[in-house]
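Everything on this sheet refers to the single structure shown next.
The values are calculated or read from the model by the stated rules, or taken from the named source; none is laboratory data. Treat the numbers as computed from the prediction; the structure is a model and nothing was measured. Every residue, glycine among them, receives a Cβ derived from its backbone with ideal geometry; neighbour counts consider all protein chains shown. Accessible surface areas use protein heavy atoms only, side chains included; no ligands, DNA or RNA. Shrake-Rupley method; radii C 1.70, N 1.55, O 1.52, S 1.80 Å.
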Amino acid sequence: MTLVELTDVSKRYGTVRALEGVSLEVHAGEITCVLGDNGAGKSTLIKIVAGLHRHDGGTLRVEGEETTLSSPREALDRGIATVYQDLAVVPLMPVWRNFFLGSEPRKGAGPFKRLDTDFMRRTTREALLRMGIDLRDVDQPIGTLSGGERQCVAIARAVHFGAKVLVLDEPTAALGVKQSGVVLKYVAAARDEGLGVVLITHNPHHAYLVGDRFVLLRRGTMVGHYTRDDITLDELTQQMAGGSDLDALRHELQRG
Amino acid sequence: MSAVTDGKPLDERVVRASALRKLLARPELGSVVGALAVFVFFAFAADGFLRATSLSTVLYASSTIGIMAVPVALLMIGGEFDLSAGVLVTSSALVSSMFSYQMTANTWVGVGVSLLVTLAIGAFNGFMLTRTKLPSFIITLGTFLMLTGMNLGFTKLIDDTVSTKSIADMEGFPSARAVFASTIDVGGVDIKVTILWWLGLVALASWILLRTRTGNWIFAVGGNEDAARAVGVPVARTKIGLYMGVAFGAWISGQHLLFSFDAVQSGEGVGNELIYIIAAVIGGCLITGGHGSAVGSAVGALLFGMTSKGIVFAEWNPDWFKFFLGAMLLLATLLNAWVRKRAEATK
């Protein structure tokens, strides 16, 4: 089933053409990877799907229905959850408060309506455990977790709140090799739960490990659109960077 | 995740360590230690500091600051300042007094009109901030200057002097005074009604911060505004609400100012906004937002009350008050920074 479909989408900021003619499909239980170097338009694309910016041209379909997302709230209500690399969490707040931020369960009536803190703590622990994350203390500030752990909490959060589509903005960019592997494992876990995943990355190696579809962006335009059967890792890497950048990329791949 | 492999023994050690860590992570810890030190200090240094009447004077002084320190602390947790808070108190009193006098209305009508006007000014601050995205320092500095000018300008225009006419003989004055500026006799000790307002506000603010959805949002918009927006927190609404909270505190303080006497000096209030901010910071509010408590702001206000009155009881030159204040602010902030670093240190 196609959860999100972009056809020939474009976006301008004033006179700057940030995105032109990009098409993308997200299916349930599949991972669609968006690859591109810095400035390729990945962030713009993510903002359109997340409801932060409206697209100017082309069509955006959510579960077959043509639409324009006008706020992150609207995107969330339609089942599209976005996890940002740098702004996923509020560092000083406890894990359980972060987990329910924006969708807090409450009990009681009238002026005594209050947070259901026991339920929130318990549910946070259980939801994390279901994704295979065992936290010692959900009361610790989320800023004390490692970068990888924070991403995982954010992913578990999206899964718990019934997201159908999970958009991940460079989840492995700031992480070490081991942490990246852990995060990719949870991305796969989310896919196995039946979610459609959009994985934004500039690392073809990470993308090829988990991806079913690959969309390549360069300077705001789409330069390729492949399924896993169409392309090998080498070809993907070739496609993504021109020959001159390849040495640097090969270096990166060797470490990853 | 490491806990899976670490096994039981380490986990148990972590639990024991985290009890102490939780205590250290309390935002008001530093201020409580400081308040105890100041209390003990003046108990020895100032004769009669421990008498019930002295303590009631200290509590009264603390409450007049504390009523404003509570909403200012909430605003600071939400990541913003309000430099207009001090003069807004005076504006609120002026509106109440002048409306009653000029319209020959029941003082309660003036009190009601003042509430609306004050809340509107708070909403204006919040609206300007969220709309223009300028720093709150600039926005509220502008409101501060405008209000300072309007307080003096309007009073001179209407009453020809810098203070308002007495409203003591107007209808409703006694009951309004009872609500905002009365003294209750508890076992021979005078307890000012502002202390009750103060305690009530601290309780209400603590409830909001720790047990409601709004409280979660306040911490979130102060801690990481973009993350809060991305998960659907209404950032603008939360911030406007916080400014209106400060306005509500200013309204209570303003009515107290008016009904303690029967007229208002239009030049009052300038500089008090910093005192409220200092009380909140001493109480453990992080100046960049996202961390703090209402109880802490109360302890900060109490420190203020003890120092300002303690110096009088010790018969020192009150000029030294500001020096103590500055030293306390620095010490408290350093202590808070140290405590937070300890609390957040990973493993």
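In debye to the nearest 20, how big a dipole does segment B:48-344 give about its Cα centre with +1 on each Lys and Arg Cβ and -1 on each Asp and Glu Cβ?
On the way: 17 positive and 16 negative charges, 187 e Å.
Computed about the Cα centre, the dipole is about 900 debye.
Given R₀ = 51 Å, FRET efficiency for B:THR214-A:SER23 by Cβ-Cβ distance, to 0.05? Numbers along the way, then the final one.
Values: r = 42 Å, r/R0 = 0.83.
Computed FRET efficiency for B:THR214 and A:SER23: 0.75.
For chain A, modelled as a Gaussian network with Cα springs under 10 Å, which listed residue fluctuates most, A:GLU30, A:GLU235, A:GLU126?
Judging by the Gaussian network model, the answer is A:GLU235.
Hey, what do the phi angles of segment B:233-240 turn into as Karplus ³J(HN,Hα) couplings, whole Hz, using 6.51/-1.76/1.60 and θ = phi - 60°, x for Gly and Pro?
With the stated coefficients, segment B:233-240 comes to 6, x, 5, 4, 4, 4, 5, 4 Hz.
Checking buried surface per residue: for segment A:116-136, which residues lose a minimum of 50 Å² accessible area in the protein assembly relative to the chain alone (1.4 Å probe)?
Residues losing area: A:ASP134, A:ARG136.
How large a share of the accessible area of segment B:48-344, in percent, is made up of carbon and sulfur atoms when the probe is 1.4 Å and the other protein chains stay in place?
Numbers: 8530 of 12260 Å².
Its accessible area is 70 percent carbon and sulfur atoms.
Report the normalised scattering of chain A as log10 I(q)/I(0) at q = 0.08, 0.10, 0.13 Å⁻¹, calculated by the Debye formula with identical scatterers on the alpha carbons.
The Cα Debye sum returns log10 ratios of -0.32, -0.50, -0.83.
Using alpha-carbon pairs under 8 Å, 6+ residues apart, how would you state the relative contact order of chain B in percent? Each step should come with its number before you reach the end.
Numbers: 586 pairs, mean separation 123.2, N = 347.
It rounds to 36 percent for chain B.
Could you go through segment A:146-159 in sequence order and give the Karplus-derived ³J(HN,Hα) for each residue, using 6.51 cos²θ - 1.76 cosθ + 1.60 with θ = phi - 60°, rounded to whole Hz, and x for Gly and Pro?
So the J values, rounded to whole Hz, are 6, x, x, 4, 4, 4, 5, 4, 5, 5, 4, 4, 4, 5.
Which one of A:ASP229, A:ASP139, A:ASP37 has the biggest mean-square fluctuation once chain A is modelled by GNM with Cα springs under 10 Å?
Top of the fluctuation ranking is A:ASP229.
Could you work out the equivalent-ellipsoid semi-axes for segment A:120-256, taking the square root of 5 times each eigenvalue of the Cα gyration tensor, largest first, in whole Å? Present the calculation step by step, with values, prior to reporting the outcome.
Working: eigenvalues 191, 57, 26 Å².
Three semi-axes, in Å: 31, 17, 11.
Run the numbers for A:ALA173 and A:ASP139: contour at 0.36 nm per residue of separation, minus the present Cα-Cα distance, in nm.
Values: separation 34, 0.36 × 34 = 12.24 nm, distance 2.71 nm.
Result for the pair: 9.5 nm of gain on full extension.
What is the Rg over Rh value, at two decimals, for the protein assembly as shown, using alpha-carbon atoms and the Kirkwood definition of Rh?
On the way: Rg = 28.9 Å, Rh = 27.1 Å.
Computed over Cα atoms, the ratio is 1.07.
Specify whether the C-alpha gyration tensor of segment B:48-344 places it in the rounded, prolate or oblate class, a ≥ b ≥ c being the square roots of the eigenvalues: rounded for a/c under 1.5, otherwise prolate if a/b is larger than b/c and oblate if not. Don't jump to the answer; show the numbers that get you there.
Working: a/c = 1.72, a/b = 1.17, b/c = 1.47.
Oblate, because a/c is 1.5 or more while a/b does not exceed b/c.
Quick one: dipole size for segment A:92-165, taken about the Cα centre, charges +1 on Lys/Arg Cβ and -1 on Asp/Glu Cβ, in debye to the nearest 20. Walk me through the numbers on the way to the answer.
On the way: 13 positive and 8 negative charges, 55 e Å.
Its charge dipole is roughly 260 debye.
Taking the convex hull of the alpha carbon atoms in segment B:145-241, what volume per residue do you get, in Å³?
Values: hull volume 19.0 nm³, N = 97.
Spread over its residues, the Cα hull of segment B:145-241 gives 196 Å³ apiece.
In Å², rounded to the nearest 100, what is the total accessible surface buried by chains B and A against each other with a 1.4 Å probe?
Working: alone 17160 and 12490 Å², together 26720 Å².
It comes to approximately 2900 Å² buried between B and A.
Work out, step by step, the length gained on full extension between B:LYS322 and B:VAL189: first 0.36 nm times the residue separation, then minus their alpha carbon distance; give nm to one decimal.
So the chain would gain 45.0 nm between B:LYS322 and B:VAL189.
Using packing as a proxy for protection, rank B:34-44, B:134-144 so that the peptide with the highest average count of other Cβ atoms within 10 Å comes first. Walk me through the numbers on the way to the answer.
Values: B:34-44: 15.6, B:134-144: 17.8.
Sorting B:34-44, B:134-144 by mean packing, highest first, produces B:134-144, B:34-44.
Does anything in segment B:107-134 have its amide N under 17 Å from the 7 Å Cα→Cβ label point of B:MET150, and if so which residues?
It comes to B:111-129, nothing else.
How high is the relative contact order of chain A, given as a whole-number percent (alpha carbon pairs under 8 Å, six or more residues apart)? List each step's numbers first, then the result.
Details: 492 pairs, mean separation 68.9, N = 256.
Relative contact order for chain A comes out at 27 percent.
Are there residues in segment B:201-215 whose accessible area shrinks by at least 40 Å² when all protein chains are included rather than the chain by itself, and which are they (probe 1.4 Å, ligands and nucleic acids not counted)?
Correct list: B:TRP207, B:ARG211, B:ARG213.
Starting from the eigenvalues of the Cα gyration tensor, five times each then square-rooted, give me the equivalent ellipsoid semi-axes of segment A:1-91, largest first, whole Å.
Result for segment A:1-91: semi-axes of 18, 18, 14 Å.
With springs only between Cα atoms under 10 Å, which of B:GLU80, B:GLU268, B:GLU171 fluctuates most in a Gaussian network model of chain B?
So, out of B:GLU80, B:GLU268, B:GLU171, the one fluctuating most is B:GLU171.
Can you give the helix-only mean residue ellipticity at 222 nm for chain B, where every DSSP H stretch with n ≥ 4 adds -39500 (n - 2.57) and the sum goes over all residues, rounded to the nearest 500 deg cm²/dmol?
Working: 15 runs with 262 residues, N = 347.
For chain B, the value works out to -25500 deg cm²/dmol.
On the accessible surface of chain A, probed at 1.4 Å, how many percent belong to carbon and sulfur atoms? Show your work: numbers first, answer last.
Working: 5090 of 11030 Å².
The C+S portion of the solvent-accessible surface of chain A is 46 percent.
Roughly how many Å² is the accessible area per residue of segment B:48-344, as a whole number, for a 1.4 Å probe? Provide the component values of the computation, followed by the final result.
Working: 12260 Å² over 297 residues.
Spelled out: the 1.4 Å probe surface of segment B:48-344, per residue, equals 41 Å².
With +1 on the Cβ of every Lys and Arg and -1 on the Cβ of every Asp and Glu, and nothing else charged, how large is the dipole of segment A:1-136 about its Cα centre, in debye rounded to the nearest 20?
The calculated dipole for segment A:1-136 is roughly 820 debye.
Counting only residues 5 or more places away or on other chains, whose amide H sits under 5 Å from the amide H of B:HIS291 once H atoms are built in the peptide plane?
B:LEU286
Between A:GLU252 and A:ASP192, what length comes free when the chain is fully extended (0.36 nm per residue of separation minus the Cα-Cα distance, one decimal in nm)? If you can, show how the numbers build up before the last one.
Values: separation 60, 0.36 × 60 = 21.60 nm, distance 2.85 nm.
Between A:GLU252 and A:ASP192, full extension yields an extra 18.8 nm.
A:GLY224's amide H: which non-local residues (gap 5+, or another chain) put their own amide H closer than 5 Å, with H modeled 1.01 Å from N in plane and none for Pro or chain starts?
When sequence neighbours closer than 5 places are left aside, the close amide H contacts are A:LEU216.
Given an 8 Å cut-off on Cα distances and at least 6 residues of separation, report the relative contact order of segment A:129-207 as a percent. Don't skip to the answer; put the middle values down first.
Values: 74 pairs, mean separation 26.3, N = 79.
With pairs under 8 Å counted, the relative contact order is 33 percent.
Return the sequence-ordered ³J(HN,Hα) values of segment B:104-118 in whole Hz as given by the Karplus equation 6.51 cos²θ - 1.76 cosθ + 1.60 applied to θ = phi - 60°, using x for Gly and Pro.
Going residue by residue, I get 6, 9, 3, 4, 5, 5, x, 4, x, 4, 4, 4, 4, 4, 5 Hz, with x marking Gly and Pro.
What does the C-alpha gyration tensor say about the overall shape of segment B:229-305? Classify as rounded when a/c is under 1.5, otherwise prolate if a/b is larger than b/c, or oblate.
Values: a/c = 2.70, a/b = 1.51, b/c = 1.79.
Verdict is oblate for segment B:229-305.
Which value, in Å² and to the nearest 10, is the accessible area of A:SER71 when all protein chains are kept and the probe is 1.4 Å?
Result for A:SER71: roughly 40 Å² accessible.
What's the center-to-center distance, using Cα atoms, between segment B:116-130 and segment B:87-111 in Å?
What the calculation gives is 19 Å, centre to centre.
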